[in-house]
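Just so it is clear, none of the values below were taken in a lab; they were calculated from the coordinates. Quick caveat, the model's predicted, so the values are computed rather than measured. For neighbour counting, all protein chains shown are included, and Cβ atoms are generated from backbone atoms with ideal geometry for every residue, glycine included.
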Amino acid sequence: MKRLVFFLILLISATGCAPTFDYANLDRLLQAGDCVGTQEMLKTRQKDYGSHAQLLYHLDCAMIHYQCGDLVKAAAELNEADEMAQRLWTKSISAGAASFLVNDLIVDYPGEDFERALINLFSAFTYIRQGSYENALVECRKLNTLLTEYNTQYETKNVYKEDALGRYISGILSEMDGEYSDAYIYYYEALKAYRDYNTAYGTPTPPSLYEDLVRVAGPADRLKEAREIATSYTGKVPTAKKTRSMGRIVYIHINGKAPKKIENKFTHMGPTGPISIAFPQYVTFPVGCSDSSLVLSDESGQKITTQATLAEDISRIAVKNLNDRKARIWAKTITRAVAKQVAVHAAAKAVEKEQGEFAGLLAQIAGQVAASATETADTRCWRTLPGEIYIASRFVKPGEYSASAATCAETDTYLETVHVKAGQTVFVFNNTIY
């Protein structure tokens, strides 16, 4: 009986726990615009994430600082999260054997593939807002390199093998540097990625991407190739020569909330007790408004409105990414259930040998109940991400513009006043996560 008791104590004591951080309270503070309160809450509640989900603590801190405009702290937290995520992902390839015996919560959470990639995308956004465009381009390059690296580890490849928006932003940043050949390649890769996005997530190719590809094709000496690629686009494309005398405003709008994971658990009553299998699934949040436009008012009061396009559907990427690895999750879950049953059976047999058949049966039942109770799905996820990202691009005459966002509300929301010079690209950001 001592062997069974030891086994049960070991099993239960090793059981991991999901983070207990109060996201409902965090949401209330953010909806109220209480940045001081949210930052103080995170500072004092780090332990609520648990020792195995500290990556999520840094990710949440980064997004809160980003949304509250503390870009220096946001960049620092994203850098910390990036290094930690890469370290944990590398570790997870060769480690994690313990999770086969209990559950995934007893190992450090390395993040989903798309979450680790979005660390780099939001790092790029943070650097862009700081005016550090070279660092932003570095982050975009890291993003796609990481996705390629991740997919080489899987026999069954994920659909999310490239980030289309990351490629697109890379092209814009390269064009700003006058690197037209690089910009053309990034725009071309973005176009290919958006075709995959359309198939997998229903995300269309932003019309401005076609314009950008054809426009930079001239100075990149690839105009014929670009026109063949962009045959489906019928809009007007301003030439690179014409746009040199103009400025460009790129509008990026993060909107809605990313989905969260919940547990699906099935318990089957076997002849000697319950056998449980648990796996995660995403629950998405409805988006209050799926319409976004950039409204520019020049110094004379004339308005220019440009419709933004959905460029990154994070909610659908999350759901699809989890579905892509469902077979891997199932294989691990079933292997774990079998391993628990083997361990329980071995412990029960030892009890039966020492104390008789009835004691062995009781030991078998008690062991299976404990094994079932410790079977828990890993529902950890980056909860402070937006659900979607929109983009718009507009060439304008040099000058000063009041930038506003037009969404489903009747009144335009003022964002900022921008000064645009000839040949200059200016970014305008909008945030309606909460």
In Hz, Karplus ³J(HN,Hα) per residue of the stretch 414-428 (6.51, -1.76, 1.60; θ = phi - 60°; x = Gly, Pro): 5, 10, 5, 9, 10, 10, 10, 9, 4, x, 9, 10, 10, 9, 10
For the stretch 33-49, take each phi angle, set θ = phi - 60°, evaluate the Karplus expression 6.51 cos²θ - 1.76 cosθ + 1.60, and give the result in whole Hz per residue in order, putting x for glycine and proline. x, 8, 5, 4, x, 5, 5, 5, 4, 5, 4, 9, 10, 4, 5, 5, 6
Can you give the FRET efficiency for ASP298 and ASP177, using 1/(1 + (r/R0)^6), R0 = 22 Å, r = Cβ-Cβ distance, to the nearest 0.05? 0.20
What pairs from LYS236/LYS320; LYS43/LYS265; LYS47/LYS261; LYS43/LYS326; LYS257/LYS421; LYS73/LYS320 go past 27 Å between their alpha carbons? LYS236/LYS320; LYS43/LYS265; LYS43/LYS326; LYS257/LYS421; LYS73/LYS320
Additional length obtainable on full extension of the chain from ASP291 to THR90, 0.36 nm per residue less Cα span: 68.4 nm
Long-range amide H contacts for LEU415: which residues qualify at under 5 Å (H placed 1.01 Å from N, peptide plane, sequence gap of 5 or more or a different chain)? ALA403, SER404, ALA405
Fully extended contour minus Cα-Cα distance, from ALA422 to GLU263, at 0.36 nm per residue: 51.9 nm
Compactness of the stretch 216-279 - radius of gyration and Dmax, Cα, Å: 27.6, 79
Work out the FRET efficiency for ASN431 and GLU40 from their Cβ-Cβ distance, taking R0 = 22 Å, and round it to the nearest 0.05. 0.60
If r is the Cβ-Cβ distance from THR234 to GLU410 and R0 is 22 Å, what FRET efficiency results, to the nearest 0.05? 0.10
Gained length - GLU225 relative to THR152, 0.36 nm times residue gap less alpha-carbon distance: 23.3 nm
